[in-house]
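Only the coordinates and a few stated rules stand behind these numbers; no lab work does. If you're wondering where the values come from, they're calculated on a predicted model, not measured in any experiment. Virtual Cβ from ideal backbone geometry, glycine too; neighbours counted across all protein chains shown.
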Amino acid sequence: MNTEKIAIISDIHANSWALKEVLRDIETKKIDTILNLGDSLYGPLDPKGTFELLLENNTKSISGNQDRFIIENVHNTTNISTLEYVKSSLGNDAINWLKKLPFDLTYNNIYCCHGNPVNDSIALLEKINTDYVGVQTNDEIEITLSNIKESIITCGHSHIPRMVKTKNKTIVNPGSIGLPAYNDDLPIPHKMESLSPHAKYAILKINTNEINVELISVDYEFEAAARAAEKNNRNDWAKWIRTGRV
């Protein structure tokens, strides 16, 4: 019985140090395909180096909300220092690559989206409340996925690794490779924390009878990434990278 091994990566956020170690780990596991769920190049770290690594390793990629944000503002001058740094770091090849990324994709029986199937800025599994971040009920998840025929769903955006099994679907969020914590003001102020600095990704092992999911944490030189954030005046990112906490 043939088993296909698929690596799911997401939310790299220009952290080439983390991506490099994850790719090394993937190489040892005889993976057939790498699926990348977006938010790849936005961050005060190493956008160009991250882009080059993704191309070298032939990843199948989709766009995340932050990738879209870059493209929407590629010809605008803003007062967002990180966005301006990213745009100045990326050449035409990277910008054109971002422009061509699809919103979602299907690979065999796997549906890939960044947030949820209709909105790349809203997480599929998490529920943002005023005082805490909770998890959607299985019924709520099934309703959101009602138009998706595939039985395996992969999603990112929240940066929190999870696997959820509903009646009809297996949903996997691999977590974030490059940014283990963050805070955000949308849809309401909230924070996401994975509680460790490790790079996170997932491996799916699929055959005709079953699916096996591994949520993997990889150590890497996170101090180098944190120093890059500090160099670009993002001490908040440096803390998130070092600790996995806000």
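Can you give the Rg to Rh ratio for segment 61-136, taking only C-alpha atoms and Rh from Kirkwood? Don't skip to the answer; put the middle values down first.
Values: Rg = 15.2 Å, Rh = 14.3 Å.
Result for segment 61-136 is an Rg/Rh of 1.06.
Remark on segment 1-141: Rg and Dmax equal 16.2, 55 Å (Cα only). Each peptide among 179-191, 155-167 gets the average number of other Cβ atoms lying within 10 Å of its residues, and from highest to lowest they stand as 155-167, 179-191. List the lysines whose alpha-carbon lies under 20 Å from that of residue 99, not counting same-chain residues fewer than 8 positions away? Candidates past the 8-residue exclusion: 48, 60, 87. Using the alpha-carbon positions of segment 4-243, Rg (one decimal) and Dmax (whole number) come out as 16.8, 53 Å.
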